[in-house]
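Everything below concerns the one structure shown next.
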Amino acid sequence: MTNPVKKYPTEPLKCWNEAKSLRTQYYENYLHAHKNGGLRWAGGAWSFSSVPAGLGDDVHSVTGEPYGATIAFHKDFASECHDAVEAAGFPRTLCAYMRNYWGAILLDKFILADGRVIPGYPTPDFIWQDHICCSHGKWYEIVKWLEKKKGKEIPMFCTDVSVGYSLTPPEKFRVDYIVNQLQDGILWLEKVTGRTYNDQLLCDAVWNEMKSTSLWAEVCALNQVIPTPIDEKTMYSLYVIGTLMKHRPECAAFYEKLRDEVQNRVDRGIAAIPHERFRVITDTQPPWGFLKIFRAMENYGVVSLGSLYSFGLIGMWEYQPDGKWIPKPLPSSKPATREEALRAIVEWTLNRPEWAHFYRPELKTQMMKSIVQQWKANAVLLHYNRGCEGLSVHIAENRLGLLKDGIQVFSFEGNMGDEREFDYPGTMARVTAFFESMGLEKLSTEGGP
Amino acid sequence: MSEPFQKFRDWIDNRHEYAKEWKATRNRRIAGYFCTYVPEEILIAANVLPVRILGSHEPPTVTEPYVFAMFCHLCRDSLAQGLKGRFDYLDGIVEGQSCLHLRQAYNAWRLHIPIDYAFYIHVPHGVQTRHALPYYTEELRKFKRSLGEWTGRKITERDLARGINVMNRNRDLMHKIYEYRKPNNPKLTGLEAMEMVLSSQMVDKEDHNGALEELLKTLPSREMDRNPGVRLMIIGCEDDDRIFMKNVENLGATFVIDEHCTGSRYFWNLVDSSIQDRLVAIADRYISRIPCPSKDWPELTRIKQAVNLAQTYNVQGALVIQNKFCDPHGIEVPPLREELKAVGVPTYPLEFDVTVPWGQFRTRVEAFLETLTGLEELF
Ligand code: SF4
Ligand code: SF4
Ligand code: SF4
């Protein structure tokens, strides 16, 4: 008889509901902004959201990728969106989030955090985007084009951030290029909104963003312990707050509270899953309509403790001289002027780990290896994601780099936002065969093999 | 009449032999580049021959370990050429930032194919912002310095002037030849125009300029013994599918203009030689050129150029080519088609992969041509 697998205590996250209500409130705020004289803007999750914050506290956004993911999670609506986009003549191979987003505009519908679809797409007052992936600027260029067909002119500003990536501080002329664009961006915001810009609000928002993104990394760092206190599926509902409102004080406050709660779980040995015995990390966005894949993995005692994606899309990290990858500490002081704030947020943002692979696959491979080592992962599940060329770029090189170091890699194809391109039963059959090849058997309900 | 375009065809068919011989006789280096955003002026100034890396339209299975198959065939096919050793004479590779797809081909090449020199130029994407010019000038300064270190020879202002002159001459000559596509019976076919531009990306520009000058002497009196048929335009990404061009033109049509980077978009804009600082002048040319869709935001300016060309060259219809998996071009297909329709130019979209399924395409293209000639109304 085989020994039963060790069972760890588990318990729900206390701040779970707060994450949920922050998310609900976020979409509501956007939807109803005009009722209270406020403004609405649209742009990507990576855009410099702290900059429009200088227009006032009543300026609300909807960031494109989380919105596209919300649609993907609700497969029926996603399917309607895809049909609408294809009928409009766009190829089905384009970024799946972008297609979901356009689909909602074409259908003139809006989805709320809880999946309710309401009529009428709430047009933004302006677009505030940045560009590193081929689709970033063009995504919103088409939003503008689609809205224009409905008779609405949306002004758009897009900041080019494609200046490369380096583990050392970026060269000044690269930072200047982005800072100068943002300086123009502030004048443009004043012009298109008719509001006077408030530098103090900018400085506060920049500081909040730095805090939020550093704190999220601290939360992720706590997953280094065995058993891991939160699993990746749970993290998806938490990191999303950063993708929606990284510059907001409520985001920084929430991540602080979350960090303390997760630390408390670590102190008490509370696990994410009861039978953790094999630790994996993943890569890129999951197929959102099929998160049950994580639950199926639990049946084998497999926990996914994160990924460069969930750690580094929003979280900020840096390498220490001893080679350890750690949450990026905040600078010694908060910026006090417009120039200081813009420079601080640009330098901070250029450090974003999820930007490294856009330029050099070796950098992403290095970061993934650091996670495998420091987080004690047994294997890497690579999602060859047809829905996102930005995060799949160089993924084959990452696979080769990990294999070269003797790391176990399982790769599968899918699409984060278009279920037609994900074969759930086929993938599950292959992934379970992989676990079995690692010596794992399916656990019985009592936790024994 | 002798075949005035044969020279260009031969250069394409024997591009590797040409490059090897060029290298042996001149004892100079050759650098491969992927995207037309690489400023060839600076390579020429460094006495390095720039040659464009393109595919061969064979299924690129050798790239599977290095590039996920959801990336466009151009990037996979180009890399496949390197993996098969067809560019074994290259001393270096250079890429000018454009789409993510080609960046992958560049990086895989750098990592897996022995090469002496690799440089990635961070060409700005924000070409519509006024800050792109100083930024890009600085980036070009770094490139120039790096090339100088690699070749062991400092690049002087005179060298840059030479690079600019030879490139501008090439562009200017090709412009003149494109003029001969305007008459009712154009003096060259779309295939010939493509071969002319493609070959300019493969051989020494001095040699190419010589051939263009010769061509310009005979072209005005060239008698075309074919019925031009429908005046077509071809629009899309990089497109070097000569068989497709030939097949379509054999159906009773002539491509009288194009909008892609193996055609007009490659040479349309010249370096402004009145700008004193030559690096600034070069940077300015690549920022203000007709943009690739990958850099064309927040305003869709390339579409205006496509419309302008369609009108200037009096086209009856346009084939819009979308390379499978290409986001920058794919995103623009509906607005592009709409703008052309608004000026009375019907369009037909076709999705290209590494090989073109001509059997299927033939029927579709024929049907499109019939709609343009009104023939379908007879039935
Ligand atoms: S392809 Fe990926 S990185 Fe690019 S815009 Fe879409 S989701 Fe973002
Ligand atoms: S279409 Fe654009 S990115 Fe592609 S090769 Fe041409 S210029 Fe470069
Ligand atoms: S622009 Fe499109 S077709 Fe051209 S290289 Fe890039 S992805 Fe491929």
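Observations, loosely collected:
- Restricted to the range A:162-191, and to residues there that are closer than 25 Å to A:Thr123 by Cβ and open to solvent by 60 Å² or more (accessible area, probe 1.4 Å), the residue that is farthest from the other protein chains (Cβ to nearest Cβ) is A:Lys191.
- For the range A:399-421, the candidate set comprises residues that are within 22 Å of the chain's Cα centre (by Cα) and of a type in the set (Asp, Glu); within that set, the residue that is farthest from the other protein chains (Cβ to nearest Cβ) is A:Glu419.
- Which numbered condition B:Asn107 misses (of (1) within 14 Å of chain A (Cβ to nearest Cβ); (2) open to solvent by less than 10 Å² (accessible area, probe 1.4 Å); (3) touching a residue at least 60 places away in the same chain (Cβ under 8 Å)): (3)
- Test: residue in the range A:111-121 that is touching a strand residue (DSSP E or B) at 6+ places or on another chain (Cβ under 8 Å) and farther than 21 Å from A:Cys81 by Cβ: no
- Counting only helices (runs of 4 or more DSSP H) that sit completely within the range B:196-301, those holding 2 or more residues that are away from chain A (no Cβ under 14 Å), closer than 26 Å to B:Phe87 by Cα and within 21 Å of the chain's Cα centre (by Cα) correspond to B:205-218, B:242-249, B:264-267.
- Strands (runs of 3 or more DSSP E) completely within the range A:94-141 that count 3 or more residues being touching a Leu at 6+ places or on another chain (Cβ under 6 Å) and either buried (at least 24 other Cβ atoms within 10 Å of the Cβ) or within 11 Å of chain B (Cβ to nearest Cβ) (or both): none
- Filtered residues of the range A:370-380 (kept if touching a helix residue (DSSP H, G or I) at 6+ places or on another chain (Cβ under 8 Å), open to solvent by 10 Å² or more (accessible area, probe 1.4 Å) and either modelled with pLDDT under 95 or not in a helix (DSSP H, G or I) (or both)): A:Lys376, A:Ala377
- Test: A:Glu256 is open to solvent by 10 Å² or more (accessible area, probe 1.4 Å) and in a helix (DSSP H, G or I): yes
- Residue count for the range A:357-369, restricted to those that are more than 13 Å from chain B (Cβ to nearest Cβ) and either open to solvent by 10 Å² or more (accessible area, probe 1.4 Å) or in a loop (DSSP other than H, G, I, E, B) (or both): 2.
- For the range B:302-343, filtered to residues that are more than 10 Å from chain A (Cβ to nearest Cβ) and basic (Lys, Arg), the residue that is nearest to ligand 3 (Cβ to nearest atom) is B:Arg302.
- Selection of strands (runs of 3 or more DSSP E) fully inside the range B:18-101 by the criterion of at least 1 residues being closer than 27 Å to B:Trp358 by Cα returns B:49-52.
- The set of residues from the range B:1-56 being surrounded by fewer than 16 Cβ atoms within 10 Å (Cβ to Cβ) and of a type in the set (Asp, Glu) comprises B:Glu3, B:Asp10, B:Asp13, B:Glu17, B:Glu21.
- Residue list for the range A:192-213, filter: open to solvent by 10 Å² or more (accessible area, probe 1.4 Å) and either assigned to a helix (DSSP H, G or I) or touching a residue at least 12 places away in the same chain (Cβ under 8 Å) (or both): A:Val192, A:Thr193, A:Arg195, A:Tyr197, A:Asn198, A:Asp199, A:Gln200, A:Leu201, A:Asp204, A:Trp207, A:Asn208, A:Lys211
- Yes/no for B:Ser274 being away from ligand 1 (no atom under 16 Å from the Cβ), without any contact (Cβ under 8 Å) to a residue 24 or more places away in the chain and over 20 Å from B:Ile42 (Cα atoms): no
- If only residues of the range A:382-430 that are outside any strand (DSSP E or B) and β-branched (Val, Ile, Thr) are counted, the one that is surrounded by the most Cβ atoms within 10 Å (Cβ to Cβ) is A:Val393.
- Note on the range A:371-430: among residues that are among the basic types (Lys, Arg) and under 30 Å from B:Ile331 (Cα atoms), the one that is nearest to ligand 1 (Cβ to nearest atom) is A:Arg386.
- A:Tyr140 passes every criterion in (1) free of Cβ contacts under 8 Å to residues at least 60 places away in the same chain; (2) under 21 Å from A:Gln285 (Cβ atoms) apart from (1).
- Qualifying position, being out of contact with any Pro (no Cβ under 9 Å at 6 or more places or on another chain), acidic (Asp, Glu), buried (at least 19 other Cβ atoms within 10 Å of the Cβ) and more than 26 Å from B:Cys99 (Cβ to Cβ), among B:Asp204, B:Asp258, B:Asp241, B:Asp225: B:Asp204
- Within the range A:167-183, considering residues that are in contact (Cβ under 8 Å) with a residue 24 or more places away in the chain and not polar (S, T, N, Q), the one nearest to A:Leu363 (Cα to Cα): A:Leu167
- Of all positions in the range A:153-161, none carries a residue that is surrounded by fewer than 18 Cβ atoms within 10 Å (Cβ to Cβ) and assigned to a helix (DSSP H, G or I).
- Boolean, A:Ala205 is closer than 18 Å to A:Gly38 by Cβ and among the small types (Gly, Ala, Ser): yes
- The residues in the range B:285-301 that are away from ligand 3 (no atom under 15 Å from the Cβ), touching a Gly at 6+ places or on another chain (Cβ under 8 Å) and open to solvent by less than 20 Å² (accessible area, probe 1.4 Å) can be counted, and the count is 1.
Yes/no per residue for (1) outside any loop (DSSP other than H, G, I, E, B); (2) open to solvent by 30 Å² or more (accessible area, probe 1.4 Å):
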site	(1), (2)
A:Asp260	yes, yes
A:Ile273	no, no
A:Pro286	no, no
A:Gly315	no, no
A:Pro335	no, no
A:Trp355	yes, no
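- Members of the range B:236-250 found to be of a type outside the set (A, V, I, L, M), closer than 18 Å to B:Phe368 by Cα and more than 11 Å from ligand 3 (Cβ to nearest atom), listed by number: B:Phe244, B:Lys246, B:Asn247, B:Glu249, B:Asn250
- In this entry, B:Gln311 is excluded by the filter for residues that are open to solvent by 50 Å² or more (accessible area, probe 1.4 Å) and either in contact with a Leu (Cβ under 6 Å, 6 or more places away or on another chain) or at pLDDT below 95 (or both).
The values are calculated or read from the model by the stated rules, or taken from the named source; none is laboratory data. In this text the structure is predicted, and so the values were computed from the model without any measurement. Positions of Cβ are generated from backbone atoms using ideal geometry, with glycine treated the same way; all protein chains shown enter the neighbour counts. Accessible surface is based on the protein model in full, side chains and every heavy atom, while ligands, DNA and RNA are left aside. Shrake-Rupley method; radii C 1.70, N 1.55, O 1.52, S 1.80 Å.
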